[in-house]
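Chemist: Input: one structure, supplied below.
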Amino acid sequence: GEEMEEWRDTVQRVVEGTYEMQRLWIEGRHQEWDTGRAMRSAEEMFDRIFDMRFLPPGRGLWAMGSALTTERHLYAALNNCCFVS
């Protein structure tokens, strides 16, 4: 079976997945990606999530940066349920 992630590993996967998705989106629109700025922001995001001062939705913790998004491109896995009347 799969090995359980430690909290630090989960946070790293989520942050790296988030910034990789952002980089691909920006570069796909022929805009400039600022690696230094992204690294500073990613470090802050990591610290805030790790210390539970900010948390993405549960689905984001579960799927972001995993094979679901990085290999299979199943981004719908990041969406929570919704209702439209």
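Chemist: Give, in nm to one decimal, the length gained when the segment between Glu6 and Cys82 is fully stretched (0.36 nm per residue of separation minus the Cα-Cα distance).
Modeler: Result: 24.4 nm gained on full extension.
Chemist: Next up: Assuming 0.36 nm per residue, please report the length gained on full extension of the stretch Arg29 to Met52 beyond their Cα-Cα distance.
Modeler: Full extension of this stretch gives 5.0 nm more.
Chemist: I've got another one for you. Please work out the average accessible area per residue across the chain, using the 1.4 Å probe convention, and give it in Å².
Modeler: 79
Chemist: Considering the range 1-69, what Rg and Dmax in Å follow from its alpha-carbon atoms?
Modeler: Considering the range 1-69 through its Cα atoms, Rg and Dmax are 12.9, 41 Å.
Chemist: Next up: I'd like the carbon and sulfur percentage of the solvent accessible area for the chain, probe radius 1.4 Å, heavy atoms only, ligands and nucleic acids excluded.
Modeler: Exposed carbon and sulfur together represent 53 percent of the surface.
Chemist: While we're looking at this one, here's another question. To the nearest 20 Debye, how big is the dipole of the chain about its Cα centre, given +1 on the beta carbon of each Lys and Arg and -1 on that of each Asp and Glu?
Modeler: The dipole of the chain has a size of about 380 debye.
Chemist: Highest mean first, what order results for 30-38, 68-76, 14-22 on Cβ atoms within 10 Å?
Modeler: Result, highest mean Cβ count within 10 Å first: 14-22, 68-76, 30-38.
Chemist: From the helices alone, meaning DSSP H stretches of at least four residues, give me the mean residue ellipticity at 222 nm for the chain, per-run term -39500 (n - 2.57), in deg cm²/dmol to the nearest 500.
Modeler: Theoretical 222 nm ellipticity from helices: -17500 deg cm²/dmol.
The values are calculated or read from the model by the stated rules, or taken from the named source; none is laboratory data. All of these numbers come straight from a predicted model, not from anything done at the bench. With ideal geometry, Cβ positions are generated from the backbone for all residues, glycine too; neighbour counts draw on all protein chains shown. These area figures cover heavy atoms from the full protein model, side chains too; ligands, DNA and RNA do not enter into them. Shrake-Rupley method; radii C 1.70, N 1.55, O 1.52, S 1.80 Å.
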